[in-house]
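Heads up: the structure comes next, in structure tokens.
The values are calculated or read from the model by the stated rules, or taken from the named source; none is laboratory data. Treat the numbers as computed from the prediction; the structure is a model and nothing was measured. Quick reminder, even Gly has a Cβ in these numbers, built from the backbone with ideal geometry, and neighbours come from all protein chains shown. For accessibility, only protein heavy atoms count, side chains too; no ligands or nucleic acids. Shrake-Rupley method; radii C 1.70, N 1.55, O 1.52, S 1.80 Å.
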Amino acid sequence: MAGAGACVALLAAALVCAATAQGSERRPMVGAPVTISDGDNDEGLQQALRFAMEEYNKASNDMYSSRVVRIISAQRQVVAGMKYIMEVEIARTTCEKPAADLQNCALPDSPQLAEHTICKFVVYVVPWLNKTQLLKRECQ
């Protein structure tokens, strides 16, 4: 009888350990990127995206400014500050550089002028140091 009791206790302990391990797999690791599900309403993401587009437009040789037309995916990662990882679709607007308010710039009607590009941006923000930096810009 003692052997059966020990077996039941061992089985119970194994089930508790398995449940604990399974629960920990569902929680994101501290410092791991977390998906931003509603990017249009995330103020931190929107600020990072505005900064990324300012930098993109400064570096571009195009006479016209470009703006974001769609957020494909977005993540935030807590580091020594906040890192925003974004994949967006951008398009050339009808506003010549420098455009003061990109969101109010219309997209061209002509297919020859309407250039759409997919870009991946990584923006690093340290609010307490008033620091924002574009770490990565890949467009295709």
From the residues in region 70-81 that are closer than 29 Å to Leu129 by Cα and not hydrophobic (A, V, I, L, M, F, W, C), which one is least open to solvent (accessible area, probe 1.4 Å)? Gly81
Which numbered condition in (1) β-branched (Val, Ile, Thr); (2) over 19 Å from Cys139 (Cβ atoms); (3) in contact with a helix residue (DSSP H, G or I) (Cβ under 6 Å, 6 or more places away or on another chain) is the only one that Thr94 fails? (3)
Going by what's in this entry, would Glu96 be described as within 13 Å of the chain's Cα centre (by Cα) and surrounded by fewer than 16 Cβ atoms within 10 Å (Cβ to Cβ)? no
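Yes/no matrix, rows are residues, columns are (1) aromatic (Phe, Trp, Tyr); (2) under 23 Å from Ala32 (Cβ atoms); (3) in contact (Cβ under 8 Å) with a residue 40 or more places away in the chain; (4) open to solvent by 40 Å² or more (accessible area, probe 1.4 Å):
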site: Met53; (1), (2), (3), (4): no, no, yes, no
site: Val68; (1), (2), (3), (4): no, no, no, no
site: Tyr84; (1), (2), (3), (4): yes, yes, yes, no
site: Ala100; (1), (2), (3), (4): no, no, no, yes
site: Ala106; (1), (2), (3), (4): no, no, no, yes
site: Ile118; (1), (2), (3), (4): no, no, yes, yes
